[in-house]
Amino acid sequence: MIQSDLVFVAIIVLLAMGIAALIISRRTQRATGLPEGRLIYSDTTAWHKVNRAYFDSEWGLAGKPDYVIDVRGVQIPVEVKSSQAKHPYDSHILQLAAYCRLIQVNSGVRPPMGLIKYQDRVFEIAYSEFLEKRLEALISEVRSHDGASDLTRSHNSPARCAGCGYRSQCDQSLNVTNSNQPKKI
């Protein structure tokens, strides 16, 4: 009799722990600001081997969104940024638009929107025809400069230079001196 009571108590404790874990998991998911859905793509090695990039041969576009969530059969790209933002940056919106285009080409279904997750908030960006045309125009503009050797830096942000993969080869790179003034190096 005592042994069956212990088994019953153990089952109740395990059930309570399972319910508590489920409640905590749902609260955590809601706190992220991301929609409920099944994670189908992740560009991070934190969970598993990184998936290969999406590719669009028509536009010559390739990319790897941070995450893609399947929400009721629709794939939604999620781009995660480490900074805070009062509004989404235009470059981030266009990056997200590229991921929407890549998902559309690879899945055959146009995402209605994508998400940009900053440290302090999430922005839902509609993948409209207007945004797609802006993306296409930008890609066209970039391609028109292929092979050009006289391109000039488009900003005065040392932080952007510090994070750029081409900084070591750039003759217009900015560096921060002790006085926090940009300096050409």
Exercise for the section: List every residue pair whose Cβ atoms sit under 9 Å apart, with the two residues 6 or more apart in sequence or on different chains, where the first one lies in the range 139-160 and is under 25 Å from Ala62 (Cβ atoms) and the second, anywhere, is modelled with pLDDT of 85 or more. Expected result: Ile139/Trp59; Ile139/Gly60; Ile139/Leu61; Ile139/Ala98; Arg143/Gly60
Completion exercise
Those residues of the range 38-67 which are among the hydrophobic types (A, V, I, L, M, F, W, C) and either closer than 25 Å to Ala137 by Cβ or at pLDDT below 70 (or both) amount to Ala46, Trp47, Val50, Ala53, Phe55, Trp59, Leu61, Ala62
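Could we say that Lys117 is touching a residue at least 60 places away in the same chain (Cβ under 8 Å) and farther than 22 Å from Ser154 by Cα here? Please lay out each step first, then the result.
Working: touching a residue at least 60 places away in the same chain (Cβ under 8 Å): yes; farther than 22 Å from Ser154 by Cα: yes.
Yes.
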Practice task
Check off (1) modelled with pLDDT under 70; (2) surrounded by fewer than 13 Cβ atoms within 10 Å (Cβ to Cβ) for Pro35 and give me the number that stays unchecked.
Solution key: (2)
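Can you pull out every residue in the range 68-93 that is part of a helix (DSSP H, G or I) and surrounded by fewer than 16 Cβ atoms within 10 Å (Cβ to Cβ)?
Keep residues of the range 68-93 that are part of a helix (DSSP H, G or I), which gives 90-93.
Listed by number, the residues that qualify are Asp90, Ser91.
The values are calculated or read from the model by the stated rules, or taken from the named source; none is laboratory data. Predicted model, so just to flag it, every value in this text is computed and none were measured. Neighbour counts run over all protein chains shown; Cβ positions are idealised from the backbone, glycine included.
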